[in-house]
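Report on the following structure.
Every number in this text was worked out from the coordinates using simple rules, so none of it is lab data. These numbers come from a predicted model, not from an experiment. Here Cβ is always computed from backbone atoms with ideal geometry, including for glycine, and neighbour counts include all displayed protein chains.
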Amino acid sequence: MRVLLATSLAATALIGVHVDAKTDLPPHACIVQRTDRLSRPELLELVKGGFAPTTNDGKATMRAVGEVITSCVTKYGWGKAKQDIAIRYFSARLLHDDAIVQGGKFAITDAMMTAYVASLDAGMRASYAKGQVTPEMNRAAFAHLQTASIALEGRSAEEIQAIGRALNSGVYAIIVEQESIKAYAGS
């Protein structure tokens, strides 16, 4: 599980998006739903760290997530493949939510990121999913933001980098979420 997650995740900052535990989500989102009351910063740190916690809080969060995964496996009868897909979805959902928060600091919305993902061809989607973003892809992403009325002129280098991180993380996460949903349905 750690190797799978470590190789499939991009690092981002902290999140604060809340999923209501009473919301009836589809089976692939079981882990998302059942971790609703856990610390979002701790969950994100766990994901960013490839599910290899180094602090006591991180280890406690890992145990709690492990219990959630076990309960989801029991509820839905998942085999290894569906379990891994659900973990990928959970991880991508956390990263996506964080990208919304981080991008929101610069007026970048989820709709903007989702629209950009929809405009990508298969090759660009694959590059984003592998974390292999080229300078040309970054230029195209920033051009998309500008057409969506996000002003980049006059921003500091640090702001431009933060915008790029939020957008790239969001695009990556949306693609992994979409691929996970398809994979879950097909397995």
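Partners of LYS59 within straight-line reach, counting lysines whose Cα lies under 22 Å from its Cα and excluding those fewer than 8 residues away in the same chain: LYS48.
Residues whose amide H comes within less than 5 Å of that of GLY131, counting only those at least five positions distant or on another chain, are absent (H built at 1.01 Å from N in the peptide plane). Centre-to-centre separation between the Cα atoms of region 166-181 and those of region 35-100: 16 Å. In order along region 171-187, the phi-based Karplus estimate (6.51 cos²θ - 1.76 cosθ + 1.60, θ = phi - 60°) of 3J(HN,Hα) comes to 4, 3, 5, 4, 4, 5, 4, 4, 5, 5, 4, 4, 5, 4, 5, x, 9 Hz; Gly and Pro are listed as x.
Whole-Hz Karplus values for region 96-109 come out as 4, 4, 5, 4, 5, 5, 5, x, x, 5, 10, 6, 7, 9 Hz, taken residue by residue from phi with 6.51 cos²θ - 1.76 cosθ + 1.60 and θ = phi - 60°; glycine and proline positions read x. Can you pull out the trypsin sites (Lys or Arg not before Pro) in region 39-119 that DSSP calls coil and that have at most 13 other Cβ atoms within 10 Å? Those satisfying the criteria are LYS105. In order along region 37-44, the phi-based Karplus estimate (6.51 cos²θ - 1.76 cosθ + 1.60, θ = phi - 60°) of 3J(HN,Hα) comes to 8, 7, 4, 4, x, 5, 4, 5 Hz; Gly and Pro are listed as x. Shown here: percent of Cα pairs over 22 Å apart, derived from the displayed model; of the candidates (i) 46; (ii) 49; (iii) 67, it corresponds to (i). Computed about its Cα centre, the charge dipole of the chain is approximately 540 debye, with only Lys, Arg, Asp and Glu carrying charge at their Cβ.
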